[in-house]
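One structure is given here, and the rest of the page talks about it.
The values are calculated or read from the model by the stated rules, or taken from the named source; none is laboratory data. Bear in mind the structure is a predicted one, so any value in this text is a computation, not a measurement. For neighbour counting, all protein chains shown are included, and Cβ atoms are generated from backbone atoms with ideal geometry for every residue, glycine included. The accessibility values were calculated without ligands, DNA or RNA, using every heavy atom of the protein model including side chains. Shrake-Rupley method; radii C 1.70, N 1.55, O 1.52, S 1.80 Å.
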Amino acid sequence: MTDVIHSAATARDAANVTAYLEASMVPDPETAARYMAPGTRIVFTGARVFNHPSEVTAFNAGRYAWVKKRMERLDVVPGDGVTTVYSLGTLYGAWPDGTPFEGNRYVDRFTVRDGLIVGMEVWNDSAERLLTKHGLTA
């Protein structure tokens, strides 16, 4: 019986992460926020910390003309009272100057408790791609 409850909770948590990501891409930060517990910290590449999806939307508006995710898979890891959900895929969109891009890898790590996101960490290749675009390689 515990496995069934565990399975239902992890399925719900994965569905809520997907719904959060879909709302974020609209972008609709207020709908995205419904999937987060109050006080959730969103930590982006470069240790940038945000406290609400609207802050992420504002940050992305300065970094990209527009950006979307191709969500290729979710890795769902049940734990003791929490579910860890990894969303893996690629970003596509346009840089602020309008230059299109695609295939920019990302990993988002979510910690979910009682159906709500309580932590989010974001990694992607945008910085590497911008360095290369400006002729900086190492």
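The table below gives the values:
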read-out: Selection from the stretch 95-110 of residues that are open to solvent by less than 30 Å² (accessible area, probe 1.4 Å) and not acidic (Asp, Glu); value: Trp95, Phe101, Asn104, Tyr106, Phe110
read-out: Thr111 vs. criteria farther than 16 Å from Met25 by Cα and either over 18 Å from the mean Cα position of the chain (by Cα) or not acidic (Asp, Glu) (or both); value: yes
read-out: Selection from the stretch 17-29 of residues that are over 12 Å from the mean Cα position of the chain (by Cα) and outside any loop (DSSP other than H, G, I, E, B); value: Pro29
read-out: Whichever residue in the stretch 111-136 is open to solvent by less than 50 Å² (accessible area, probe 1.4 Å), polar (S, T, N, Q) and at pLDDT below 95 and, among such residues, is farthest from Val76 (Cα to Cα); value: Ser126
read-out: Cross-chain or 6+ apart pairs with Cβ under 9 Å, the stretch 27-52 first and over 15 Å from Arg63 (Cα atoms), then of a type in the set (Asp, Glu) and in a loop (DSSP other than H, G, I, E, B); value: Ala37/Asp114
read-out: Residue that is open to solvent by 40 Å² or more (accessible area, probe 1.4 Å), in contact (Cβ under 8 Å) with a residue 12 or more places away in the chain and either out of contact with any helix residue (DSSP H, G or I) (no Cβ under 7 Å at 6 or more places or on another chain) or farther than 26 Å from His134 by Cβ (or both), where the choices are Tyr64, Tyr92; value: Tyr92
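Residue by residue, here is whether (1) β-branched (Val, Ile, Thr); (2) surrounded by fewer than 17 Cβ atoms within 10 Å (Cβ to Cβ) holds:
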| residue | (1), (2) |
| --- | --- |
| Val17 | yes, no |
| Thr31 | yes, yes |
| Ala37 | no, yes |
| His52 | no, yes |
